[in-house]
Amino acid sequence: MRSANEELWKICFGDSDAFVKLYFDCCATDANTMAIWQDGRLAAALQMLPYSMNFPAETVPASYVSGACTHPDFRDRGLMRSLLAQTHRRMFADGAWFSFLIPAEPWLWDYYAKSGYATAFWHTSLQIPCPTVHDAGLRISRYEPSRWQQVATFFESSMQKRPYCIQHTPENLQTVIMDLQLSGGDVWIAERERTEGLLFVLPQDDVLRVTESLFTDEIVENCLLATAGRFYGKVKVSAEKPVVDAGMGQPLGMARVLRPYEMLAWYAKNHPGLSVVYALHDDDLPQNSATYIISGGMCSVVHEAVAGAEAMDANGLSRLLFDGMDAYMGLMLN
């Protein structure tokens, strides 16, 4: 499977041999790969990578669709749509509450919507001159493997503080750092008596691209940017950040609800005054097709029609449940 999958990946994405080896060494396995074979050839494939997202008062399981691709010889036959349906059933069985992905091209947003996905993840793209500030008593240095535990601990605690944010496992974080360094980037660490900030950077032309920044205050962030900017000789910063002002972000990714009862129970708990009935129809997961009654902060399910129920499909449910979250994901291998 691996050799055929690597070949398909290179045909569809054109990544370097070094990145493909890293991805298939650290992320893709036969167990998490969904595939369709035709005429003895790998026609379409994708990986299901486990993640979690912090909701208020709980962390919920999710599954990331990575590397979805169809060989050019087999396109326009509905293979990916079929593969996604199979994948959703597998993810459901594995316990994921929702699936999520990042469309690689603009037209794919509408394509994935037909499989139940809705825009769910947002970001802010910041373009600023590179700061020039003193170090403010901070020690700033580049990442070394000996400092892994320090970096992992600060990273996890900082990410947990972000609402509706996709969380990385330590293993995944290690892969992210290796990928960053493979591309000529690195992680910078700021500390006094303890770790104060992390900056994930990738120098490009005259720009310091920041793929993630975690810090205790803005002084720490500015010192990290200034130090990294001087090191790489960059005068501009392009940074990806979570949305600060509600409704002001740019679309980043999509999500599809896999377990409607669990998510509607959470939704009901957070909307205790809501009273509504949804009649859900889900082609990919027919076991989810039922009537969901929300009232008094609770959700119940019945398998017969209820008068006045609002008809809902998978896309509509995904839009409903992720609306207003301004959910965020960063450092994804996309």
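The values are calculated or read from the model by the stated rules, or taken from the named source; none is laboratory data. What you are looking at is a predicted structure, and each value in this text was computed from that prediction instead of being measured. As a convention, Cβ positions derive from the backbone with ideal geometry for all residues, glycine included, and neighbour counts pool all protein chains shown. Just the protein is used for accessible areas: all its heavy atoms, side chains included, with ligands, DNA and RNA removed. Shrake-Rupley method; radii C 1.70, N 1.55, O 1.52, S 1.80 Å.
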Exercise for the section: Out of 280, 264, 285, report the one residue that is in contact with a Lys or Arg (Cβ under 9 Å, 6 or more places away or on another chain), within 22 Å of residue 63 (Cβ to Cβ) and surrounded by 13 or more Cβ atoms within 10 Å (Cβ to Cβ). Expected result: 285
Fill in the blank from the handout: The correct count of residues that are closer than 19 Å to residue 331 by Cα and either touching a Lys or Arg at 6+ places or on another chain (Cβ under 9 Å) or surrounded by fewer than 16 Cβ atoms within 10 Å (Cβ to Cβ) (or both) in region 121-146 is 8
Exercise for the section: Please work out if residue 243 is closer than 28 Å to residue 68 by Cα, at pLDDT below 95 and either open to solvent by less than 50 Å² (accessible area, probe 1.4 Å) or not in a strand (DSSP E or B) (or both). Expected result: yes
Exercise for the section: Could you give me the residue pairs with C-beta distances under 8 Å whose first residue belongs to region 116-136 and is on the phi > 0 side of the Ramachandran plot, whose second residue is among the hydroxyl-bearing types (Ser, Thr, Tyr) and open to solvent by less than 50 Å² (accessible area, probe 1.4 Å) wherever it lies, and which are 6+ apart or on separate chains? Expected result: 116/318
Practice task
Considering each of 43, 18 in turn, give the residue that is touching a Leu at 6+ places or on another chain (Cβ under 6 Å) and surrounded by fewer than 17 Cβ atoms within 10 Å (Cβ to Cβ).
Solution key: 18
Completion exercise
Reported set for region 305-334 where residues are open to solvent by 80 Å² or more (accessible area, probe 1.4 Å), assigned to a strand (DSSP E or B) and aliphatic (A, V, I, L, M) is 311
Exercise for the section: Select from region 163-181 the residues that are closer than 14 Å to residue 201 by Cβ and either in contact (Cβ under 8 Å) with a residue 60 or more places away in the chain or touching a Lys or Arg at 6+ places or on another chain (Cβ under 9 Å) (or both) and list them in ascending order. Expected result: 176, 179
Handout entry: Test: residue 256 is touching a His at 6+ places or on another chain (Cβ under 9 Å), part of a strand (DSSP E or B) and modelled with pLDDT of 95 or more
Key = yes
Handout entry: Condition check for residue 298: open to solvent by 60 Å² or more (accessible area, probe 1.4 Å), in contact with a helix residue (DSSP H, G or I) (Cβ under 7 Å, 6 or more places away or on another chain) and either touching a residue at least 24 places away in the same chain (Cβ under 8 Å) or polar (S, T, N, Q) (or both)
Key = yes
Handout entry: Residue match in region 69-83 (condition: outside any loop (DSSP other than H, G, I, E, B), in contact with a helix residue (DSSP H, G or I) (Cβ under 7 Å, 6 or more places away or on another chain) and open to solvent by less than 60 Å² (accessible area, probe 1.4 Å))
Key = yes
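Condition check ((1) closer than 26 Å to residue 68 by Cβ; (2) in contact with a helix residue (DSSP H, G or I) (Cβ under 7 Å, 6 or more places away or on another chain); (3) not in a helix (DSSP H, G or I)) across all residues:
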position: 115; (1), (2), (3): yes, yes, yes
position: 120; (1), (2), (3): yes, yes, yes
position: 174; (1), (2), (3): yes, no, no
position: 184; (1), (2), (3): no, no, yes
position: 188; (1), (2), (3): no, yes, yes
Exercise for the section: Determine, yes or no, whether residue 86 is open to solvent by 10 Å² or more (accessible area, probe 1.4 Å), touching a helix residue (DSSP H, G or I) at 6+ places or on another chain (Cβ under 7 Å) and of a type in the set (S, T, N, Q). Expected result: no
Exercise for the section: State which residue is surrounded by the fewest Cβ atoms within 10 Å (Cβ to Cβ) when the search covers only region 187-234 and only residues that are closer than 22 Å to residue 162 by Cβ and of a type in the set (S, T, N, Q). Expected result: 216
